[in-house]
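Read the structure below first, then the notes.
The values are calculated or read from the model by the stated rules, or taken from the named source; none is laboratory data. Worth saying up front: this structure is predicted, and the values here are computed from it rather than measured. Here Cβ is always computed from backbone atoms with ideal geometry, including for glycine, and neighbour counts include all displayed protein chains. Side chains are part of the model used for accessible areas, which takes the heavy atoms of the whole protein and leaves out ligands, DNA and RNA. Shrake-Rupley method; radii C 1.70, N 1.55, O 1.52, S 1.80 Å.
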Amino acid sequence: MRRRIYGLIFRNPGWTIEQVAAEARCPAGVAEQACEELVALGLLSPAAESPNGYLTVTPEAALTRLFSAEERQTTTHLQLVSKIRTSISSLVQDYTLLAEERRETVDIHTLPTPALVNAFLEDVGSTTRVRMRSMHPGGPPPEHVIDDMLLRDKEMESRGIRVETLYSRRAADVPYVAAYLADSARPGREVRIAEYLPLRLLLFDDDRAVLPIDPEDSGQGALALHGRTLVRSLHALYDYCWRDATPSLPSSAACGGAGEIVLDGQEQVVVRMLADGVKDEVIARHLGVSPRTLSRSIAQLMERLGVQTRFQAALRIARLGLLDD
């Protein structure tokens, strides 16, 4: 119908809808709808000479006008999109600055080997200002680790650093750990025993922590964390375990007083020479005994002191003041 009406108006410019409908032999409403559709397509335009009539527009001209209109709309849309993009970019920059005000950087360093873990602990221990807290689940650590802990604890004690330690009941029952715990019972140092501890954890002040990479295998290394907010949460975990733990009371076997242990002259000589780093063979010659006899004497002395290593024995003897001045 639109093609027929377009052809009628093309051949009869200025015809009204009534004339078109009569010639097309269709209702006036049908003719009017067809004309409106052709006007929408740009193929008809009102005739100036005939107020109710129409003129045809060539398809080429209609397409040109259509494309020009679309280009103008596209240009306007692109300009609007550009303004919106600029506004959003500005807001994003402002939001980033605002978000930075609420963000705290947390540094996490991977320490994949025990050597790196020990080196980090030495560094962080030397810069600790107020307190150090440690949590040790599971079985006892090796004896050489206990010796390292004793050295680190004593260095912190000399600087007035408070030391708190949590051990599992299973580890605390081991003699050399019990000796360490007994040595820890002094002002500024406190040890508690728990039936269960969730993971190995070391906390230094309020902003540094060391966690195992694999809680089931501490040999896999550790993660060193630096960030006040995160470490505060770890302190909350430690506080929870600390409240449920039992204070460690030194046993008489592990920490007998000076009145219970007395060193004779030979034992004092042995201890002094050991502290000076003299080898067992030289000490034995100096005392006129065999190396086997010396080893047996040293073992008996360590048993009396309730310690497992010579380093622990030296610390215990110094603490109890058993050497003559």
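Within segment 176-206, the set of residues being open to solvent by 20 Å² or more (accessible area, probe 1.4 Å), free of Cβ contacts under 8 Å to residues at least 40 places away in the same chain and in contact with a strand residue (DSSP E or B) (Cβ under 8 Å, 6 or more places away or on another chain) comprises 188, 195. Taking the numbered list (1) touching a residue at least 24 places away in the same chain (Cβ under 8 Å); (2) assigned to a loop (DSSP other than H, G, I, E, B) in turn, residue 54 passes all entries but (2).
For segment 149-159, does any single residue satisfy the condition of being touching a residue at least 60 places away in the same chain (Cβ under 8 Å) and surrounded by 18 or more Cβ atoms within 10 Å (Cβ to Cβ)? Yes.
Applying the criterion of being more than 16 Å from residue 10 (Cβ to Cβ) and open to solvent by 70 Å² or more (accessible area, probe 1.4 Å) to the residues of segment 24-48, the residue that is modelled with the lowest pLDDT is 48.
Within segment 273-302, if we keep just the residues that are closer than 23 Å to residue 153 by Cα and in a helix (DSSP H, G or I), the residue that is least open to solvent (accessible area, probe 1.4 Å) turns out to be 302. Of all residues in segment 291-311, those satisfying the criterion of being more than 46 Å from the chain's Cα centre (by Cα) and not hydrophobic (A, V, I, L, M, F, W, C) are 291, 292, 293, 295, 296, 297, 300, 304. If you check 21, 62 for being open to solvent by less than 50 Å² (accessible area, probe 1.4 Å) and in contact with a Gly (Cβ under 7 Å, 6 or more places away or on another chain), only one passes: 62.
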